[in-house]
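Undergrad: My structure is below; once you've seen it, I'll send some questions.
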There are 2 protein chains.
Amino acid sequence: MSSDGARRRDVTVADVAKAAQVSKAQAARALGNYGAVSDDVRERVLAAAEELAYRPNELARSMNTGKSHTIGVVVGDIENPHFGLATRGITDTAKKSGFNVILINTDENTAAEVEAVSVLLDKRVDGLIVAPASSVETQHLRRVHESGRPLVLLDRSADGLTVETVAVDMAAISYESTQYLLDAGHRRVAFISTLRTGAGYSAGTRLDSSQISDRLEGMRQAFADGGCQFPEDLVRLNAGDAGSVRNLTREVLLGADPATAVVASDGLIALSVVEAIQEMGLRIPDDVSFLMYDDFAWTRLTTPPLTVVAQPVYDMGAAAASALIRQIEGRPPLAPAPEFNATLVRRGSVGAVAVPAR
Amino acid sequence: MSSDGARRRDVTVADVAKAAQVSKAQAARALGNYGAVSDDVRERVLAAAEELAYRPNELARSMNTGKSHTIGVVVGDIENPHFGLATRGITDTAKKSGFNVILINTDENTAAEVEAVSVLLDKRVDGLIVAPASSVETQHLRRVHESGRPLVLLDRSADGLTVETVAVDMAAISYESTQYLLDAGHRRVAFISTLRTGAGYSAGTRLDSSQISDRLEGMRQAFADGGCQFPEDLVRLNAGDAGSVRNLTREVLLGADPATAVVASDGLIALSVVEAIQEMGLRIPDDVSFLMYDDFAWTRLTTPPLTVVAQPVYDMGAAAASALIRQIEGRPPLAPAPEFNATLVRRGSVGAVAVPAR
DNA sequence: CCTACGATTGAGACCGGACTCACATCGGTT
DNA sequence: AACCGATGTGAGTCCGGTCTCAATCGTAGG
């Protein structure tokens, strides 16, 4: 029944100690539950703490333990449900181990990512989970790693950085799903991604993202194994906002030798691609087949329901968090590193290739 | 071209001072850019800092400035795109003013929320943005407010707490959209929400959420003004996972006097409701009309596209963040408090009520 | 040439906990 | 009765910054 009004200064151990008539050291011990404290003292201290509504200052605590019980998470875009779900996996897992999460968005911009990493390091987070915007520009990540601060990568790997990385085998699933398209008779398969590249795309271009290059590699391999020519001309990168995705979609579907199937590299792009296809008055899968990465609930609601590459996003977020916390607590890596596999969920958006009307 | 390997202890001002041959105080002044420092000293200090790759310890800094440049955000579920987008608005705005965000998920559980608020306060965040799980149990929020820490509520208000609150006028938009349904001839309108209530729902039940009670109030009012009887029996709360939503949907559509229109209280529920309707072999809007809260991109892709209540979620998140930062920096509230209005986006999921076949 | 005042500068206090160290105290040994 | 190890306890240091305060330096004004 404390009736103290608004109080400027917070209650500190010193205040509690004074109220309990013991030394600051004893109060700290009783409160922190360490060292030797007599029952009498402990009771008086806890009672005083209760009475004064004492709350420890985590900042001060972190300062000399060196542990902040906070992990930093750097993602491209939480608005993207992919990261929303992964973040959920991370925060749930972190909370279970008593860690909090500071979240920073980079808009898939490397400069912002560098800044984000610095800020988090300055705040002395215990570790970092990063979904790197670039697999090439990774000096900042290397610095983190070298400074000894635990780091776990999510979704994408970083060149020449031997850090624990939680990601699915993109090349494999891409191979599998491309084969599925080939089996349905598709030879003209378009791939649309927001990945930003300095120059345009051509066969040998060095890509900035391991995710995307793995996917293209998988496609290329599947085409090669099927004895077909991979349609490099239908790969469209640098997609930006909804309008740009729409334009790219029209491009690949209206060209001289149009695509018969379109692959969208993530759920956000997929929305615009499908919208564009509907606007053009084309039917899925009769006129165009469609395949997308990420399995969101809404993909089951469209007509037809969409065929997708499902990734265990939540579990991957959770795994990244436990791997990080394991490292923070200095425990050895899990004997068989957990593997994550994407699966092709065949619904209704991929059909046999339409016989061109002529 | 520093070639120092892994180093355990971080570089501190003292280290920089030593390297620059000046006192710790002078180094701190040069680094912190305050007080009087001669050009000579400043140069030497900055050079030394650069050389040693000095980075200030934000924890230590926060400790005696009292400012952590961090705000705490407590939401029910980031996995829900509604909060994903709001969070995006918050983080974008926060970043512009140099603030970071610690995000905590509560699963719409009040106990978790109380805990979350405590943790954030202990971490000495400069302010809090909370989307309260309950509008009734708000002692913990009252405590925050009384302790003088800035607090802004998002989406929902809290009983008897005069805190800045960023939310749309739910009763108004609910009234408008209900009227729209009534005009289409619907009298049997079901409402499905995940809101947890201790007891079941009946006319006078005191609801835990201002959002939901405002919506029901708006519906009730519209029915009254239209001279119709509000179908209390079709209000379904306590929806849980996808399966439970599905069951509730079947209930309201298969009863003796079934609903002719269903309103889903958020995007996550909507997915399951639509799925259930499709499974039952009913067509929207011929057999059942459908209306949902929140305008997500996928609602345009279904057949027919869904009629929704769009809320300026991103802007609301951004507004909550700027209001909070304004309070933190001690600036006066904006003269005309910004208002946010939801709008009814009429697409194709609401049709004239079906003439019952008999 | 002497004084005064602003610019510089270094020593040290302080923020709020955690933790080291030296100094009791006390029942149990031999 | 002298000795010992296991508690209890308080004084004080430290973490890494910020900031106060008094001392020093330079030189412009008298």
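The values are calculated or read from the model by the stated rules, or taken from the named source; none is laboratory data. Keep in mind it's a predicted model, so treat the numbers as computed, not measured. Heads up, the Cβs are rebuilt from the backbone with ideal geometry, glycines too, and the neighbour counts pull from every protein chain shown.
Results for (1) within 9 Å of chain B (Cβ to nearest Cβ); (2) out of contact with any strand residue (DSSP E or B) (no Cβ under 9 Å at 6 or more places or on another chain); (3) farther than 30 Å from residue A:152 by Cα, shown as yes or no for each residue.
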{"position": "A:45", "(1), (2), (3)": "no, yes, yes"}
{"position": "A:48", "(1), (2), (3)": "no, yes, yes"}
{"position": "A:52", "(1), (2), (3)": "no, yes, yes"}
{"position": "A:83", "(1), (2), (3)": "yes, no, no"}
{"position": "A:88", "(1), (2), (3)": "yes, no, no"}
{"position": "A:96", "(1), (2), (3)": "no, yes, no"}
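Undergrad: Given the conditions (1) away from chain B (no Cβ under 14 Å); (2) within 30 Å of the chain's Cα centre (by Cα); (3) at positive phi, and given that residue A:227 satisfies all but one, which numbered condition is not satisfied?
TA: So the condition that residue A:227 fails would be (2).
Undergrad: Scan the stretch A:19-70 for residues that are surrounded by fewer than 18 Cβ atoms within 10 Å (Cβ to Cβ) and near DNA strand D (Cβ under 8 Å from one of its atoms) and report the count.
TA: 13
Undergrad: Which condition from (1) away from chain A (no Cβ under 13 Å); (2) surrounded by fewer than 17 Cβ atoms within 10 Å (Cβ to Cβ); (3) more than 30 Å from residue A:128 (Cβ to Cβ); (4) not β-branched (Val, Ile, Thr) is the one that residue B:148 breaks?
TA: (1)
Quick grid of which residues meet (1) within 16 Å of DNA strand C (Cβ to nearest atom); (2) under 21 Å from residue A:116 (Cα atoms):
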position	(1), (2)
B:48	yes, no
B:58	yes, yes
B:65	yes, no
B:72	no, yes
B:77	no, no
B:90	no, yes
B:93	no, yes
B:96	no, yes
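Undergrad: Taking the stretch B:79-100 as the search range and keeping residues that are among the β-branched types (Val, Ile, Thr) and buried (at least 24 other Cβ atoms within 10 Å of the Cβ), which one is nearest to DNA strand D (Cβ to nearest atom)?
TA: Looking at residues that are among the β-branched types (Val, Ile, Thr) and buried (at least 24 other Cβ atoms within 10 Å of the Cβ), I get B:91.
Undergrad: Could you tell me whether any residue of the stretch A:244-251 is within 14 Å of chain B (Cβ to nearest Cβ), more than 18 Å from residue A:182 (Cα to Cα) and polar (S, T, N, Q)? Spell out how you get there, then give the answer.
TA: Taking the stretch A:244-251 and keeping what is within 14 Å of chain B (Cβ to nearest Cβ), we get A:245-246, A:249.
Those still in the list that are more than 18 Å from residue A:182 (Cα to Cα) too: A:245-246, A:249.
Subset that is polar (S, T, N, Q): A:249.
Yes.
Undergrad: Select from the stretch B:252-286 the residues that are among the hydroxyl-bearing types (Ser, Thr, Tyr) and in a loop (DSSP other than H, G, I, E, B) and write down the one among them that is farthest from the other protein chains (Cβ to nearest Cβ).
TA: That would be B:260.
Undergrad: Among the residues of the stretch A:107-145, write down those that are facing chain B (nearest Cβ under 10 Å) and under 19 Å from residue B:88 (Cβ atoms).
TA: A:107, A:112, A:115, A:116, A:119, A:120
Undergrad: Among (1) away from DNA strand C (no atom under 16 Å from the Cβ); (2) at pLDDT 95 or above, where does residue B:53 come up short?
TA: Failed condition: (2).
Undergrad: Which residue is nearest to the chain's Cα centre (by Cα), if the candidates are limited to the stretch A:287-332 and must be within 11 Å of another protein chain (Cβ to nearest Cβ) and of a type in the set (S, T, N, Q)?
TA: A:299
Undergrad: Moving on to the next point. Quick one: would you say residue B:336 is more than 14 Å from chain A (Cβ to nearest Cβ) and more than 18 Å from the chain's Cα centre (by Cα)?
TA: It is true that residue B:336 is more than 14 Å from chain A (Cβ to nearest Cβ) and more than 18 Å from the chain's Cα centre (by Cα).
Undergrad: Only one of these is within 16 Å of DNA strand C (Cβ to nearest atom), more than 10 Å from every other protein chain (Cβ to nearest Cβ), more than 31 Å from the chain's Cα centre (by Cα) and among the aliphatic types (A, V, I, L, M): B:37, B:11. Name it. Full working, then the answer.
TA: Values: B:11 fails: within 16 Å of DNA strand C (Cβ to nearest atom).
Of B:37, B:11, the one residue that is within 16 Å of DNA strand C (Cβ to nearest atom), more than 10 Å from every other protein chain (Cβ to nearest Cβ), more than 31 Å from the chain's Cα centre (by Cα) and among the aliphatic types (A, V, I, L, M) is B:37.
Undergrad: Pairs only if they're at least six apart or on different chains, beta carbon under 6 angstrom, first in the stretch B:9-37 and free of Cβ contacts under 8 Å to residues at least 60 places away in the same chain, second near DNA strand D (Cβ under 9 Å from one of its atoms) and among the charged types (D, E, K, R); list them, first residue then second.
TA: Hits for this filter: B:13/B:24; B:14/B:24; B:17/B:24; B:35/B:29; B:37/B:29.
Undergrad: Do we have residue A:258 as surrounded by fewer than 23 Cβ atoms within 10 Å (Cβ to Cβ) and over 23 Å from residue A:184 (Cα atoms) here?
TA: On the way: surrounded by fewer than 23 Cβ atoms within 10 Å (Cβ to Cβ): yes; over 23 Å from residue A:184 (Cα atoms): no.
Answer is no for this residue.
Undergrad: Would you say residue B:202 is outside the structural domain of residue B:318 (by TED's automatic domain parsing) and either without any contact (Cβ under 8 Å) to a residue 60 or more places away in the chain or of a type in the set (Lys, Arg) (or both)?
TA: Working: outside the structural domain of residue B:318 (by TED's automatic domain parsing): yes; either without any contact (Cβ under 8 Å) to a residue 60 or more places away in the chain or of a type in the set (Lys, Arg) (or both): yes.
Considered against the rule, which asks whether it is outside the structural domain of residue B:318 (by TED's automatic domain parsing) and either without any contact (Cβ under 8 Å) to a residue 60 or more places away in the chain or of a type in the set (Lys, Arg) (or both), residue B:202 comes out as yes.
Undergrad: Across the stretch B:146-172, what is the number of residues that are in contact with a helix residue (DSSP H, G or I) (Cβ under 8 Å, 6 or more places away or on another chain) and part of a helix (DSSP H, G or I)?
TA: 3
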